[in-house]
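Engineer: Provided herewith is a single structure, encoded as structure tokens, for subsequent inquiry.
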Amino acid sequence: MKTTVTLIAPPTAMQPGGYIATAYADRSQPGTSRADLEVQESTAGWTVALRWRAPQAVIDATDNPRQFIDGAALFAPTVKDAPWISMGTPDMPLEGVLWRADRAQPWRVSAQGLGSVQRAEAPAGWTTAARYANGTWQLTFTLPAFAALTVTRQLGFAVWQGAQSERAGLKSVTPGWINL
Amino acid sequence: MNRQLAMVLDLNKCLGCQTCTVACKKLWNQDQGTDYAYWNNVETAPGKGFPRLWQETGGRNADGSVKRGEIPSLDADYGRAWKFNHDKTFFKSNGPREWLKPESGTQWGPNWDEDHGAGAYPQENHYFYLPRLCNHCTHPACLDACPRGAIEKRSDNGIVLVNQDQCHGYRFCVEACPYKKVYFDPKRQVSTKCIFCLPRIEEGVAPACARQCPGRLRFVGFLDDPAGPIHKLVNEYKVAIPLHPEFGTGPNVYYVPPLSPEGIDDEGRPTGKPRIPPAYLESLFGPAVHDAMARLAAEREKTTRGEGSAVMDLLIAYDWSKNFALDDARTREVI
Amino acid sequence: MGFSMVIDLNKCIGCQTCTVACKRQWTSNEGQEATWFNHVETKPGRGWPRDFHDMTPPAGVYAQQGLKGRIPMLAESGGRWQFDLESLKPGRYDPQKPLAPKTAEKGNAPDWGPNWEEDEGGGVFPNSYFFYLPRLCNHCEEPACKKACPRNAITKRDDGIVLVDEPNCRGYRFCVEACPYKKLYFNPQLGISQKCIMCFPRVEKGLPPACVGSCAGRARHFGLLEDPESPTHRLVKKFGIALPLYAEKGTQPNVFYVPPFSATGFNADGTPNGQQRIPMDYLKELFGEEVEQVMATLNAERAKKARGEPSEIMDELIRYTFNEAWKLPAEEEFGKHV
């Protein structure tokens, strides 16, 4: 399938810890307003391509503690219609993949609620191909065995623009699950 | 039982030698990503501090919520770790040699405004040194700021730690800390901070900054230990007070405020007023500083009169081993 | 059995806290402007007073005839410095003319003084080096000053402390001539010679001398040389790692020094050559031939420590517990008025 998704900023009021909710109360708009999504399923597994405008890419920040790096993540619920904006629950975890622009390999990620994301080494064969040109990121995930997606056939994603200090819950996400 | 380790620093004894800074840096913080970072630094007050103007933002609102803070800039506020012309100095045997010096482009650094101070010369010029480290606050703003719960305040000793495995490098803690004592490591993409030398504490040994201090001005112990130096100086003698209590985080590093020589008037006569303006000290330590200063002056008077002063005896550190009172003072000695 | 001091030159940072502690306590009166019972100078260097080493005869002479030396000249001591504090008054202060000393004797700007050559040192950059040498009266076993006094006004007490008996001193200054360390000072105000008293009023109360107790670097150790429980006994007699300065003068000093390590030097191509920058020959000039063996011991002990093995010697020098840096006979007064 191929579609363009309008992205939203998750409400800062729900961010855990208390600080982000008040300190970033003024942040209601997503850094990226929309993104193109293309999903292909084959016998070899899943291929998911994302494309979004990022006027200023941040690929490497080893030199600057103030700079945040661009990133993107795909998630699928392990149980159909698990909460998306609040990142699943302990009973309904999410599974996914996280790309960060400074890394050659993605992480496998899982989540059981806000602030609970765990990163792990990606399974063999999970790769990303990223290209930045003309102010646009084109990112393709190749995911031979993405079990949660195969089971629930629901997908959500998030992108972070480092230039806009997006990180953690300060991000641009799909408003809900996209049913494949 | 919740216990709190704390430190008292007697600013009357700090000579700005940076032995604490180096002891800490050598022990914990030599990696490339944190080359700019100093868990412990000593800055000159009055001054802009390190990172530059750290005290101008941050802290808690009256309702307890944490104010929005900023991540300091590497070049303008922290100062990029200086690179030296080692290759030109040491590795070129031909031609004229250069002296060892930092390469150009340095804009700021720890204690950049060393010994500048303030006040008209010679009437009231003054400065003193302010050693700074993580305050291991009772209500740490950094802990509140982390959406991942990756910052922990230990119940057995109150030490505040960043769980390096849980940290995803979001830096809300760096923003939120009003003392700017959480440092981001851009190489590893995680935040780091003073660990109060926890592995030493677990051996019954005081932190490196305290043990190495040539001026013997640091005291370490549990806040609730009536036999220890902290309880005495903070609660009993009331001569040690926290830095910027108005930030609302409940710091557990306390300072004995600095006495200063009197100024002189335009005729050169002593004014009888200390060179460091009490109002400036109040801006650092809050209104409690006035009582603390009065108590210190009174105790010093006692000593001058030849009477005993338990406060002065402890501060002077006649018996240096009494500067430290830890849970498990094992016989093993570690510097 | 007398008092002795060991100064670890690896720990001296040249802060002059000892100097000030001493000065404040004993020599802040008029006539004592150039009297520094204790001072810290930079080595290599000509020292203070300038070239004091050359003012008395070299090795071997003492036993036969005592030491016929000379009194340092004004230019060599730098004179008694005085400051025009009035010039600091508001309205009078001129930033172009910062506070600067003039000698009381001639009113000229001094061109020498204690630690005049601060941090200059020796060697060719980048193999340059220096270290600090704190100096005080050595309270010698065979004090040249005592032998020199025709009035017998200098005594060496049973506890080894050498004192000028001031009421008996007539200011002849033979002692100043004779002392190879130039640690007697003539007081023109009182017309007598004065010297370090090893803080005997403190020591008698069980306290270390002020220079020891106040040392920021904890470089000084103090106690009776023959007392097996004294840190100085261990460092000098048991471990044999502390040596007197200019032993060849023959006065048998009771102040000893742990000689200094130094950083590795560089080859011409910039690679480290693994050699200590302070030349062994220079250390021998100061501390005699034995310094080579002492440095070997120190290096071996340091290497042990680096390998994680225990080293009694390093533990003694590191002085984990500062209060153990001195061992005095009357311990009940310990810990007061340092």
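Engineer: Here are B:310, B:292, B:325, B:317: which of them is within 14 Å of chain C (Cβ to nearest Cβ) and crowded, with 18+ Cβ neighbours inside 10 Å? Even if it seems obvious, please write down each step before you answer.
Structural biologist: Details: B:310 fails: crowded, with 18+ Cβ neighbours inside 10 Å; B:292 fails: within 14 Å of chain C (Cβ to nearest Cβ); B:325 fails: within 14 Å of chain C (Cβ to nearest Cβ).
Unique residue meeting the criteria: B:317.
Engineer: Applying the selection to the range B:180-207, what residues are in contact (Cβ under 8 Å) with a residue 60 or more places away in the chain, touching a Lys or Arg at 6+ places or on another chain (Cβ under 7 Å) and either over 19 Å from residue C:320 (Cα atoms) or part of a helix (DSSP H, G or I) (or both)?
Structural biologist: Within the range B:180-207, B:181, B:183, B:184, B:193, B:194 qualify.
Engineer: To continue, here is another question. Considering only helices (runs of 4 or more DSSP H) fully contained in the range B:245-335, which possess at least 3 residues that are in contact (Cβ under 8 Å) with a residue 24 or more places away in the chain and either of a type in the set (Val, Ile, Thr) or under 27 Å from residue B:226 (Cβ atoms) (or both)? Step through it out loud before you land on a result.
Structural biologist: Numbers: elements: B:278-285, B:288-304, B:310-316.
Because the criterion is at least 3 residues that are in contact (Cβ under 8 Å) with a residue 24 or more places away in the chain and either of a type in the set (Val, Ile, Thr) or under 27 Å from residue B:226 (Cβ atoms) (or both), the helices (runs of 4 or more DSSP H) in the range B:245-335 that meet it are B:288-304, B:310-316.
Engineer: Separate question: Can you name every residue in the range B:87-131 that is of a type in the set (A, V, I, L, M) and either surrounded by fewer than 13 Cβ atoms within 10 Å (Cβ to Cβ) or modelled with pLDDT under 85 (or both)? Give the derivation first.
Structural biologist: Of the range B:87-131, the ones of a type in the set (A, V, I, L, M) are B:100, B:118, B:120, B:130.
Listed by number, the residues that qualify are B:100, B:120.
Yes/no matrix, rows are residues, columns are (1) out of contact with any helix residue (DSSP H, G or I) (no Cβ under 8 Å at 6 or more places or on another chain); (2) surrounded by 24 or more Cβ atoms within 10 Å (Cβ to Cβ); (3) hydrophobic (A, V, I, L, M, F, W, C):
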position	(1), (2), (3)
C:194	no, no, no
C:197	no, no, yes
C:201	yes, no, no
C:209	no, yes, no
C:215	no, yes, yes
C:225	no, no, yes
C:237	yes, no, no
C:246	no, no, no
C:255	yes, yes, yes
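Engineer: For residues in the range C:268-293 being among the charged types (D, E, K, R) and assigned to a loop (DSSP other than H, G, I, E, B), which is nearest to the other protein chains (Cβ to nearest Cβ)? I'd like the intermediate steps shown before the answer.
Structural biologist: Narrowing the range C:268-293 to residues among the charged types (D, E, K, R): C:269, C:277, C:281, C:284-285, C:289-290, C:292.
Adding the requirement that they be assigned to a loop (DSSP other than H, G, I, E, B) leaves C:269, C:277, C:289-290.
Details: C:269: 6, C:277: 13, C:289: 33, C:290: 28 Å.
Among residues in the range C:268-293 that are among the charged types (D, E, K, R) and assigned to a loop (DSSP other than H, G, I, E, B), the one nearest to the other protein chains (Cβ to nearest Cβ) is C:269.
Engineer: Which of the residues that make up the range B:38-57 are modelled with pLDDT of 95 or more, part of a loop (DSSP other than H, G, I, E, B) and farther than 19 Å from residue B:241 by Cα?
Structural biologist: So the first thing to find is which residues in the range B:38-57 are modelled with pLDDT of 95 or more, and the list is B:38-54.
Keeping just the survivors that are part of a loop (DSSP other than H, G, I, E, B) gives B:38-40, B:46-53.
B:38, B:39, B:47, B:48, B:49, B:50, B:51, B:52, B:53 - these are the residues of the range B:38-57 that are modelled with pLDDT of 95 or more, part of a loop (DSSP other than H, G, I, E, B) and farther than 19 Å from residue B:241 by Cα.
Engineer: Checking residue A:176 against (1) assigned to a loop (DSSP other than H, G, I, E, B); (2) among the small types (Gly, Ala, Ser); (3) buried (at least 23 other Cβ atoms within 10 Å of the Cβ), which single condition isn't satisfied?
Structural biologist: Looking at each condition in turn, residue A:176 falls short on (3).
Engineer: Here's another thing I want to ask about it. Which residue pairs have Cβ atoms under 9 Å apart, sit 6 or more places apart or on different chains, and have a first residue in the range A:20-31 that is facing chain B (nearest Cβ under 9 Å) and closer than 16 Å to residue B:58 by Cα and a second that is buried (at least 17 other Cβ atoms within 10 Å of the Cβ) and aliphatic (A, V, I, L, M)?
Structural biologist: That search, which allows pairs on different chains as well, returns A:20/A:168; A:20/A:170; A:20/B:145; A:22/B:66; A:23/B:66; A:23/B:145; A:23/B:176; A:24/A:170.
Engineer: Something else about it: Residue by residue through the range C:257-267, note down the ones that are assigned to a loop (DSSP other than H, G, I, E, B) and surrounded by fewer than 20 Cβ atoms within 10 Å (Cβ to Cβ).
Structural biologist: Of all residues in the range C:257-267, those assigned to a loop (DSSP other than H, G, I, E, B) come to C:259-263, C:267.
Residues satisfying the conditions are C:261, C:262, C:263, C:267.
Engineer: Also: Under 8 Å by Cβ, and 6 or more places apart or on different chains, what pairs join a residue from the range B:215-226 that is within 14 Å of chain C (Cβ to nearest Cβ) with one that is of a type in the set (Val, Ile, Thr)?
Structural biologist: B:218/B:8
Engineer: Out of the residues in the range B:58-86 meeting the condition of being part of a loop (DSSP other than H, G, I, E, B) and in contact with a strand residue (DSSP E or B) (Cβ under 9 Å, 6 or more places away or on another chain), tell me which one is modelled with the highest pLDDT. Break it down into steps so the answer makes sense when it comes.
Structural biologist: Taking the range B:58-86 first, the residues part of a loop (DSSP other than H, G, I, E, B) are B:58-59, B:61-65, B:67-73, B:79-83, B:85.
Filter once more, so that each one left must be in contact with a strand residue (DSSP E or B) (Cβ under 9 Å, 6 or more places away or on another chain): B:58-59, B:67, B:71, B:82-83, B:85.
Working: B:58: 76, B:59: 83, B:67: 90, B:71: 96, B:82: 87, B:83: 86, B:85: 84.
Residue satisfying both the conditions and the ranking: B:71.
Engineer: Scan the range A:12-54 residue by residue and report those that are within 28 Å of residue A:180 (Cβ to Cβ), surrounded by fewer than 14 Cβ atoms within 10 Å (Cβ to Cβ) and in contact with a Pro (Cβ under 9 Å, 6 or more places away or on another chain).
Structural biologist: Within the range A:12-54, just A:44 meets the criteria.
Engineer: Given the options B:48, B:13, name the one that is out of contact with any strand residue (DSSP E or B) (no Cβ under 7 Å at 6 or more places or on another chain), of a type in the set (Lys, Arg), in contact (Cβ under 8 Å) with a residue 24 or more places away in the chain and within 14 Å of chain C (Cβ to nearest Cβ). Outline the logic, then answer.
Structural biologist: Values: B:48 fails: within 14 Å of chain C (Cβ to nearest Cβ).
The unique qualifying residue is B:13.
Okay, residues lined up against (1) among the aromatic types (Phe, Trp, Tyr); (2) under 14 Å from the mean Cα position of the chain (by Cα); (3) under 30 Å from residue A:60 (Cα atoms):
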site	(1), (2), (3)
B:179	yes, yes, yes
B:197	no, no, no
B:207	no, yes, no
B:211	no, no, no
B:215	no, no, no
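Engineer: Out of everything in the range A:87-116 that is within 14 Å of chain B (Cβ to nearest Cβ) and not hydrophobic (A, V, I, L, M, F, W, C), what residue ends up being farthest from residue A:76 (Cα to Cα)?
Structural biologist: Within the range A:87-116, the match that is farthest from residue A:76 (Cα to Cα) is A:102.
Engineer: Confirm whether residue A:119 is farther than 15 Å from residue A:148 by Cβ and without any contact (Cβ under 8 Å) to a residue 12 or more places away in the chain. Give the steps one after another, and end with the answer.
Structural biologist: Details: farther than 15 Å from residue A:148 by Cβ: yes; without any contact (Cβ under 8 Å) to a residue 12 or more places away in the chain: no.
No.
Engineer: Additional query: Return yes when residue B:263 is more than 23 Å from the chain's Cα centre (by Cα), over 30 Å from residue B:203 (Cα atoms), surrounded by 14 or more Cβ atoms within 10 Å (Cβ to Cβ) and within 14 Å of another protein chain (Cβ to nearest Cβ) and no when it is not.
Structural biologist: Details: more than 23 Å from the chain's Cα centre (by Cα): yes; over 30 Å from residue B:203 (Cα atoms): yes; surrounded by 14 or more Cβ atoms within 10 Å (Cβ to Cβ): yes; within 14 Å of another protein chain (Cβ to nearest Cβ): yes.
Spelling it out, residue B:263 is indeed more than 23 Å from the chain's Cα centre (by Cα), over 30 Å from residue B:203 (Cα atoms), surrounded by 14 or more Cβ atoms within 10 Å (Cβ to Cβ) and within 14 Å of another protein chain (Cβ to nearest Cβ).
Engineer: Here's another thing I want to ask about it. Step by step: first the residues of the range B:163-203, then only those that are of a type in the set (Val, Ile, Thr) and more than 14 Å from chain A (Cβ to nearest Cβ), then the one that is surrounded by the most Cβ atoms within 10 Å (Cβ to Cβ). Which residue is that?
Structural biologist: If we filter the range B:163-203 for residues that are of a type in the set (Val, Ile, Thr), which is where we start, we get B:174, B:182, B:190, B:192, B:195, B:201.
Now drop any that are not more than 14 Å from chain A (Cβ to nearest Cβ), which leaves B:195, B:201.
Working: B:195: 18, B:201: 20.
Per the criteria, the residue is B:201.
Engineer: Here's a follow-up. What number of residues within the range B:135-162 satisfy the criterion of being in a loop (DSSP other than H, G, I, E, B) and within 13 Å of chain A (Cβ to nearest Cβ)? I'd like the intermediate steps shown before the answer.
Structural biologist: Step one: filter the range B:135-162 for residues in a loop (DSSP other than H, G, I, E, B), giving B:135-140, B:146-150, B:154-159.
After this cut, where a residue has to be within 13 Å of chain A (Cβ to nearest Cβ) as well, the list is B:139-140, B:146-150.
Here the count works out to 7.
Engineer: Among the residues of the range C:77-95, are any touching a residue at least 60 places away in the same chain (Cβ under 8 Å) and either in contact with a helix residue (DSSP H, G or I) (Cβ under 6 Å, 6 or more places away or on another chain) or among the aliphatic types (A, V, I, L, M) (or both)?
Structural biologist: No: the range C:77-95 contains no residue that is touching a residue at least 60 places away in the same chain (Cβ under 8 Å) and either in contact with a helix residue (DSSP H, G or I) (Cβ under 6 Å, 6 or more places away or on another chain) or among the aliphatic types (A, V, I, L, M) (or both).
To keep it simple, each residue is scored yes or no on (1) crowded, with 17+ Cβ neighbours inside 10 Å; (2) hydrophobic (A, V, I, L, M, F, W, C); (3) more than 12 Å from the chain's Cα centre (by Cα).
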| residue | (1), (2), (3) |
| --- | --- |
| B:3 | no, no, yes |
| B:9 | yes, yes, no |
| B:19 | yes, no, yes |
| B:26 | no, no, yes |
| B:53 | no, yes, yes |
| B:58 | yes, no, yes |
| B:64 | no, no, yes |
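The values are calculated or read from the model by the stated rules, or taken from the named source; none is laboratory data. Quick caveat, the model's predicted, so the values are computed rather than measured. Note that each Cβ is placed from the backbone with ideal geometry, even for glycine, and that neighbours are counted across all protein chains shown.
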